[in-house]
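For reference, the structure is listed below as structure tokens.
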2 protein chains.
Amino acid sequence: MSKETPGKVDMEKIVSLCRRRGFIFPGSEIYGGLSSCWDYGPLGVELKQNIKQAWWQAVVRERDDMVGLDTSILMHPQVWEASGHLKGFTDPLVECKSCHLRWRTDDLKESKCPSCGSEVTEPRLFNLMFKTFMGPVEEQASTVYLRPETAQGIFVNFQNVLTTTRKRLPFGIAQIGKAFRNEVTTGNFIFRSREFEQMEIEFFVKPETASDWFNYWLEERLNWYVKLGIKKENLRLRQHDKEELAHYARQCSDIDYLFPMGWSELEGIADRGDFDLVQHSSSSGKSLDYFDEETKEHTVPYIIEPSAGVDRSALAFLCDAYDEEADKDEIRVVLHLHPRLAPVKVAVLPLSRREAVVKLAKELYADLRPCWMVHYDDAQSIGRRYRRQDEIGTPFCVTIDFQSLEDEQVTIRERDTMNQIRVPIPTLKETLQAKLGGEDLFVLPPGGSIWKGEF
Amino acid sequence: MSKETPGKVDMEKIVSLCRRRGFIFPGSEIYGGLSSCWDYGPLGVELKQNIKQAWWQAVVRERDDMVGLDTSILMHPQVWEASGHLKGFTDPLVECKSCHLRWRTDDLKESKCPSCGSEVTEPRLFNLMFKTFMGPVEEQASTVYLRPETAQGIFVNFQNVLTTTRKRLPFGIAQIGKAFRNEVTTGNFIFRSREFEQMEIEFFVKPETASDWFNYWLEERLNWYVKLGIKKENLRLRQHDKEELAHYARQCSDIDYLFPMGWSELEGIADRGDFDLVQHSSSSGKSLDYFDEETKEHTVPYIIEPSAGVDRSALAFLCDAYDEEADKDEIRVVLHLHPRLAPVKVAVLPLSRREAVVKLAKELYADLRPCWMVHYDDAQSIGRRYRRQDEIGTPFCVTIDFQSLEDEQVTIRERDTMNQIRVPIPTLKETLQAKLGGEDLFVLPPGGSIWKGEF
């Protein structure tokens, strides 16, 4: 994270909008909150679902070479021994000799406590996994861990997936799920929290093709964000140098986003080599190799891992969409969310409370609701109602007025341009469908199957 | 659970099918498994997603009086004090004086250990919540719990939702998420496990209307299962008598399903009265009442809670769909899953490996895949391929043959009837759309807005 170049959007404004409109609340708020846990409200849960569905659609359903998986959060403790997490998934901590607060050594500039200024102890290692006890007795033998990443659930099921799907290399396994890390330093809203959701792909390839597939996935994942509306100038690639590489990685690049607090990791793409399959195979005694029926050879595939965060993605999409625009004497706050991600797709707004207008508006509302998430709003002036919808990113408002009763037409008002068009009621649904679902709404990525680095 | 009337389907056959075809694997299987944790494979994850989406569509998106929420698994410990879980969410356990195994008292017929026959101790209470430690120090102050139900996340956010959505009574909040219970006795496959997924509604109503809404939700939820294909004779309602009622419940009824091991709870519908809001209000010191703008009165709403399990639903849908049919000299194993729930909607099967046929088949496959989950299979005889698709519940197979190259038609074969129809390729997508999405595929429930008990 580089604090020198903060993003254009103020984090406080995002947090405030999320709180005020029901995207994201502090967890257990009536009890004073629980450090770095967040609850997604009525709009936030829709945004998050839309992100996850867009990811699943792109990486699983539309691909011939990928299948999904959903493994449990609680896993056998030996998994974490084999993966190296029990031994190596640690942060060095120091403790203040006076006030006893603990700190990450990389957060300290000198060996003085940032809180009270006293001296701190030597660092000692602290494992970041949450532990709990399964079964009725609390003892060593029953200790299990909340998974710190979803990836291991994929590795241990490699043979299960292989035999039940009869997939051939190259192919991938994708998973969305919660993970937990007992981070000492959390913060920046939903950017770093102790409970979070991951979208991970483990893509199994022949070792000699690993570099090409690494580049392929860099481009593929970058373009996923671009297709869903993230501005290119707010994305960058950052290659890990040798000192920074995790113990399992042959190479790794982060897709960074220009968050309010600066450039920070949005997704990591790693070439994990054969580390994971070799480790689990030797630890479990089960063969985790791949038999090539053409060459009659056994190989341990290499793994390319694009690992994204649902919460970080949500934050990036919100920040990137946020805008304040001068509109006459006012400031218009608008979320230019991609229609696919917008929590509410259409708002139905009657311009009068007269019975016939309300009746027609409610009919249209009932008719549209099975197709999309639709809001109905008849409170206050039409200007205020447009503002409310702009602020939560609703792409289209449909207004019904007295004239609608005569000419059977309604007005569609578009969020970004504020343009209005008049459409016949019988064509309303298909007009909205075309506007919401059409590929023309995408900012199409540059072509080419391997990313060339000109981004 | 009544063992006297087991369901018609053998559990072992379901478990075996799930394992063999990639619906559900034992968790951490290469390490010998982790007691009662399960991993959903490529087909299982699709089934589960389809169940959750069907539920969300029915209870949130298509309703004007419901919003969604997604709260964190880790909550402030005071939540569990206020809810009564810290004190009361316990099982009485006895320990064998000889072999030290522990047992639930209600699993014992006499005070002898079922394993070795020795005497057992007096029962003592054992809390079913998983505990863990947040922050760097393991001590009382940092103890938090994995939520044993998603409901409390809704209660503590009641005011947040109220102020951000401006909803009026009656309205509900719906949530899907993981919950954890350190059950002593688990089993019956995914029926009772320590990590599971809930689909819960908390529906807030004026106290005097609670009974009507309780009945409304009984009917609504029963019909949800029926609409998605569960046979009516395999569903029943079971009212809790006074001794069985949980401490928070004014009344409660289970929707039971005839599982392989007998009638067992699929979903519970409880009238929780004002218990939860009163408890959390008094514990947090925050007002959790509702101000009625018409009557200018403050009330604490009553809560009707339809609480369903994703895993139990999946098991019920699988059992209900499972059938073995005599077909010529063979047994046809088929899952008659509702098309909406089926993991794979369409299979594309070329009848020849000749280049022109394969080319056309792959074109159709690529064309259909963005719309639905589609499989391509060209291995072995067409009979074997139909069987493979029947066994995983794929509603439609599309076969491409030599004639297709000439007349530009393909064959659609329907899973349940095994009927085949020939359709022009340009109309294939819309024909499948009509068959997959049409309301005519639903077994429509009997009308009436309040359930009358004739079920």
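Read-outs: derived from the displayed coordinates by stated rules, not from any lab. Just so we're clear, the structure is a prediction, and the values are computed from it rather than from any experiment. We place every Cβ from the backbone using ideal geometry, glycine too, and count neighbours over all the protein chains shown.
Along Cα→Cβ at 7 Å, what distances in nm separate the B:Thr163 label point from those on the other copies, shortest first?
5.6
Report the closest approach of any chain B C-beta to the axis of the B-to-A rotation: residue and distance, in whole angstrom.
B:Thr132, 2
Amide H to amide H, which residues 5 or more places from A:Phe126 or on other chains are under 5 Å from it, using H placed in the peptide plane?
Residues meeting the amide H criterion: A:Asp91, A:Leu93.
Trypsin sites (Lys or Arg not before Pro) within region A:308-392: which are DSSP loop residues with at most 14 other Cβ atoms inside 10 Å?
Here the trypsin sites (Lys or Arg not before Pro) that fit, given the DSSP loop and packing criteria, are A:Lys328, A:Arg353, A:Arg354.
Filter the cross-link list A:Lys167/A:Lys296; B:Lys345/B:Lys429; B:Lys131/B:Lys286; A:Lys48/B:Lys167 down to pairs whose alpha-carbon distance in this structure exceeds 19 Å.
The pairs that break the limit, which is 19 Å between Cα atoms, are B:Lys131/B:Lys286; A:Lys48/B:Lys167.
B:Thr431 to A:Asn419: FRET efficiency via 1/(1 + (r/R0)^6), r the Cβ-Cβ distance, R0 25 Å, to the nearest 0.05?
That pair, B:Thr431 with A:Asn419, gives E of 0.10.
Note the angle between two axes, namely the Cα long axis of helix A:210-227 and the longest principal axis of the Cα atoms of chain A, as a number of degrees from 0 to 90, rounded to the nearest 10.
So the inclination is approximately 20 degrees.
Count charges around A:Thr105 for me, please; just the other residues with Cβ under 12 Å from its Cβ, Lys/Arg as +1, Asp/Glu as -1.
Neighbour charge sum, excluding A:Thr105 itself: -2.
Would you kindly derive the ³J(HN,Hα) couplings of region B:298-311 from the backbone phi angles with the Karplus curve 6.51 cos²θ - 1.76 cosθ + 1.60 (θ = phi - 60°), listing them in order in whole Hz, with x for Gly and Pro?
Working through the residues one at a time gives 9, 9, 9, x, 8, 10, 9, 10, x, 10, 10, x, 5, 5 Hz.
Around B:Asp292, what is the net charge, scoring Lys/Arg as +1 and Asp/Glu as -1 over all other residues with Cβ under 14 Å from its Cβ?
0
From Cα coordinates alone, what are the radius of gyration and Dmax values for the protein assembly as shown in angstrom?
Considering the protein assembly as shown through its Cα atoms, Rg and Dmax are 28.1, 87 Å.
Got the B:Arg353 label distances to the other copies yet, label 7 Å along Cα→Cβ, in nm, shortest first?
Label-point separations across copies, in nm and ascending: 7.3.
For region A:200-244, place one equal point scatterer on every Cα, skip the solvent, and apply the Debye formula. What is log10 of I(q)/I(0) at q = 0.18 Å⁻¹?
For region A:200-244, the Cα-only Debye profile gives -0.71.
Using only alpha carbon pairs under 8 Å that are at least six residues apart, calculate the relative contact order of chain B and give it in whole percent.
This gives 14 percent for chain B.
Could you work out [θ]222 nm for chain B from helices alone, using -39500 (n - 2.57) per DSSP H run of at least four and dividing by all its residues? Round to the nearest 500 deg cm²/dmol.
Counting only the DSSP helices, I get -8500 deg cm²/dmol.
Which is farthest toward the positive dipole end of chain B among B:Trp80, B:Leu228, B:Leu315, measuring Cα position about the Cα centre, with Cβ charges +1 (Lys, Arg) and -1 (Asp, Glu)?
B:Leu315
Just for the Cα atoms in region A:333-438, what are the lengths along the principal axes, largest first, rounded to whole Å?
Principal axes ranked by extent give 34, 28, 24 Å for the Cα atoms.
Once you have the alpha carbon radius of gyration of region B:7-152, what is it after dividing by 2.2 N^0.38 Å, with N set to its residue count?
Cα Rg divided by the expected 2.2 N^0.38 Å: 1.41.
Could you work out how far apart the two model spin labels at A:Thr90 and B:Arg384 are, taking each label as a point 7 Å from the Cα in the direction of the beta carbon, and quote it in nm?
The answer from the label model is 5.4 nm.
State the antiparallel share, in %, of DSSP beta bridges confined to region B:344-451, rounding to the nearest 5.
55 percent
Can you list the residues, at least 5 places off or on another chain, whose amide H is less than 5 Å from the amide H of B:Arg332, using H built in the peptide plane?
Excluding prolines and chain starts, which carry no amide H, the hits are B:Glu325, B:Ala326, B:Asp327.
Can you give me the long-range amide H partners of B:Gly27? Hydrogens built in the peptide plane at 1.01 Å from N, cutoff under 5 Å, separation of 5 or more residues or another chain.
B:Leu34, B:Cys37, B:Trp38, B:Asp39
Tilt of helix A:428-437 relative to the longest C-alpha principal axis of chain A, in degrees (0 to 90, nearest 10)?
Roughly 30 degrees between the two axes.
Return one number: the angle in degrees, 0 to 90 and rounded to the nearest 10, between the long axis of the Cα atoms of helix A:275-284 and the longest principal axis of the Cα atoms of chain A.
Between the helix axis and the principal axis of chain A, the angle is about 60 degrees.
Exactly which GluC sites (Glu not before Pro) in region A:28-121 are in a DSSP loop and have at most 12 other Cβ atoms within 10 Å?
A:Glu110
May I ask you to list the trypsin sites (Lys or Arg not before Pro) in region B:65-172 that are in a DSSP loop and have at most 10 other Cβ atoms within 10 Å of their Cβ?
When the trypsin sites (Lys or Arg not before Pro) of region B:65-172 are filtered for loop state and at most 10 Cβ neighbours within 10 Å, B:Lys109, B:Arg166 remain.
Starting from a label point 7 Å past Cα on the Cβ side, list the distances from A:Val423 to the same position in the other copies, nm, shortest first.
2.6
For region B:364-378, just list the computed ³J(HN,Hα) in residue order, Karplus coefficients 6.51, -1.76 and 1.60, θ = phi - 60°, integers in Hz, with x standing in for Gly and Pro.
Ordered by residue, 3J(HN,Hα) equals 5, 4, 5, 6, 7, 4, x, 8, 9, 6, 10, 9, 10, 9, 10 Hz.
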